[in-house]
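S.K.: First the structure, which I've put down as structure tokens, then a few questions once you've had a look.
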Amino acid sequence: NLIFIGETTAQISESEKLPLQIAKETNDTIKIKLMVRYTMIYAPIRDYKKWFDDIHELSLKNDYRPGLIYYRFYEGIQLSDKGKFDEAIARVKSCIDGLDSLGIIQGVFYPLYSINFIYGLAGKQIEMFQYYTDKISYYKRVGPIENTADCFHGLGLFYVTYEDYDRAIGYSMLALNVYRKFDALGALNERGNIAFRYLEWGN
């Protein structure tokens, strides 16, 4: 559930700057990381195939595990587009588990955040709630603790489904408190979500 209130200069500059950085970068590992960030946050969905194919090809060439793992997310999206939601969820979970095995911090719009959309399309809110609850326990125990932000965001969406705006806002506040420590865009997005929840609530 994306809510943007306005568009900051920082957002505009990064979305314009990243493709230029990618084009100039000569270190393949750094280039893949920049490509992943651009694709996850800024690339239009219609351009996903191009970007993910490039990420996959360069990752294969360099045997770069994170890039290969991120490709599972794209495969999950393809399955979701075909209505194969159970397979899509399993594939995106595989992506998240792979990233977790490497201790990679995710942020807003990354696979951990975005899996809630597929759960929603599948009508599996209860399963989504359990998934994020389990993941919070995992990240508190193993880390990275930053990944709890995406989970709190997902739990907030669960309560929105049942129009329990008090709890929805509570979880969004927990997400905001984590995002603000490492992800400025995530914090901005969550503030917008909180404002919209109050609006839905009639406050």
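S.K.: Considering only the stretch 118-162, state which residues are under 21 Å from Ile105 (Cβ atoms) and open to solvent by 40 Å² or more (accessible area, probe 1.4 Å).
M.R.: Residues satisfying the conditions are Thr133, Asp134, Ser137, Tyr138, Lys140, Arg141, Val142, Ile145, Glu146.
S.K.: Hey, can you tell me all the residues within the stretch 163-184 that are crowded, with 18+ Cβ neighbours inside 10 Å and under 16 Å from the mean Cα position of the chain (by Cα)? Write out each step before concluding.
M.R.: Within the stretch 163-184, the subset crowded, with 18+ Cβ neighbours inside 10 Å is 165, 168-169, 171-172, 174-176, 178-179, 183.
Scanning the stretch 163-184 gives Ser172, Ala175, Leu176, Val178, Tyr179, Asp183.
S.K.: Which condition from (1) closer than 21 Å to Gly143 by Cβ; (2) open to solvent by less than 10 Å² (accessible area, probe 1.4 Å) is the one that Ile104 breaks?
M.R.: All conditions are met except number (2).
The values are calculated or read from the model by the stated rules, or taken from the named source; none is laboratory data. This structure is a prediction, so every number in the text was calculated from the model and none was measured. When we count neighbours, we look across all protein chains shown, and the Cβ atoms used for this are built from the backbone with ideal geometry, even at glycine. SASA here: full protein model, heavy atoms, side chains in, ligands and nucleic acids out. Shrake-Rupley method; radii C 1.70, N 1.55, O 1.52, S 1.80 Å.
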